1. Within the chain, what whole-number % of the accessible surface is contributed by carbon and sulfur, with the 1.4 Å probe and all protein chains included in the calculation?
2. Hey, what's region 105-203 come to in accessible area per residue, 1.4 Å probe, Å²?
3. Helix 162-181 versus the longest principal axis of the chain: what is the Cα-based angle in degrees, 0 to 90, to the nearest 10?
4. Compute the helix-to-body angle for 89-154: its Cα long axis versus the longest principal axis of the chain, expressed 0 to 90° and rounded to tens.
5. Would you list, by chain and number, the aspartates and glutamates whose Cα falls below 20 Å from the Cα of Lys180, excluding same-chain residues fewer than 8 positions away?
6. Which GluC sites (Glu not before Pro) does region 96-172 hold that lie in a coil by DSSP with at most 13 other beta carbons within 10 Å?
7. Name the residue from Ile159, Val115, Ile179 whose Cα lies farthest towards the positive end of the charge dipole of region 86-187, charges +1 on Cβ of Lys and Arg and -1 on Cβ of Asp and Glu.
8. What aspartates and glutamates could a cross-link reach from Lys106, if we take a straight Cα to Cα line under 16 Å and drop same-chain neighbours fewer than 8 places away?
Amino acid sequence: MENKNKESKSNGMELLENVIKSNNENIEQNIKLQFAIEDHTTLLNEVQISLEEGQSFNNETVAFFKLEQTYRAEFLASIPNQIEMVLSKEAKDYLEGFGKDIKWKKKFIWSGIGVFVFAILVFIASINFATKWYKESIKAKSELRQDILNEIAGEGKKIYDENEVKMLQENTKVMQLWIKNNPKKAGDFLRFKDGFEASKQNK
C-alpha cells in the first residue's frame, strides 16, 4: 500500500510539474503573443494616422483645386469679349491714306506683272519671227546663188577661185619666160603640149 501511495505521489508530482511547466510555456507564449498584438496595434495606428494625413492632404488638394477653378472662372469672366478702340482723326486719316496707297501699289504691281508678261510674249514672238526670217533669207540666197551658177553654166562658163587664177597666170608667165630663155628645150615641151591637147580632144 505504501508503495502504491508513493507511486501515486510521485506521479502526482510529475503531473503537477508538467502542468506548471506547461503553464510557464503558455505564459511565455502569451507574453510573445501580447507583444506581437501590441506591435500590430502600433502598426495599425501608424497606418491609420498615415491614412488620415493622406485624407487631409487630399481634402486640402480638392479645396485648392476648387478655389483655383473659382479664380479662373472669375478671371475669364472679367476678360471682355470685345475691345473698343477710339482712334484719333489723325490716325483715321493715316489709315485711310495707307489703305489708298496699298490699293494704288497693288494696281501698280499687277500692271507691272502684266507688262512683264506681255514683254516676254513679244520677245518670244520676235525670236520666232527672226529665226524664220533668217532661215528664209538663207534659203533665198542659196536659191539665188544656184540660179546664177546654173545661168553661168548654161553659157558654157565656170567660176574659179581667184587665188587659183592668179597662180595659173603666174605659172603661165614662168613657162613663157622659160620657153623664151630655152628655145631648144622649149621645142620638146611644145611638141609634148600639142600631143597632150590632141589626145585630150580625141577623148
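The values are calculated or read from the model by the stated rules, or taken from the named source; none is laboratory data. Note that the coordinates shown come from a computational prediction; the quantities given were computed from them, not determined experimentally. FYI the Cβ positions are ideal-geometry reconstructions off the backbone, even for glycines, and counts take in every protein chain you see. The protein model used for the area step is the full one, side chains on, heavy atoms only, and it has no ligands, DNA or RNA in it. Shrake-Rupley method; radii C 1.70, N 1.55, O 1.52, S 1.80 Å.
1. On the way: 12220 of 19970 Å².
The C+S portion of the solvent-accessible surface of the chain is 61 percent.
2. Working: 9720 Å² over 99 residues.
I get 98 Å² per residue for this part.
3. With rounding to tens, the tilt is 40 degrees.
4. Helix 89-154 sits at roughly 40 degrees to that axis.
5. Straight-distance partners of Lys180: Glu170, Asp188, Asp194.
6. Numbers: sites: Glu96, Glu136, Glu143, Glu151, Glu155, Glu162, Glu164, Glu170; in loops: Glu155.
Counting only loop positions with at most 13 other Cβ atoms within 10 Å, the GluC sites (Glu not before Pro) in region 96-172 are Glu155.
7. Ile179
8. Cα-Cα hits under 16 Å: Glu96.
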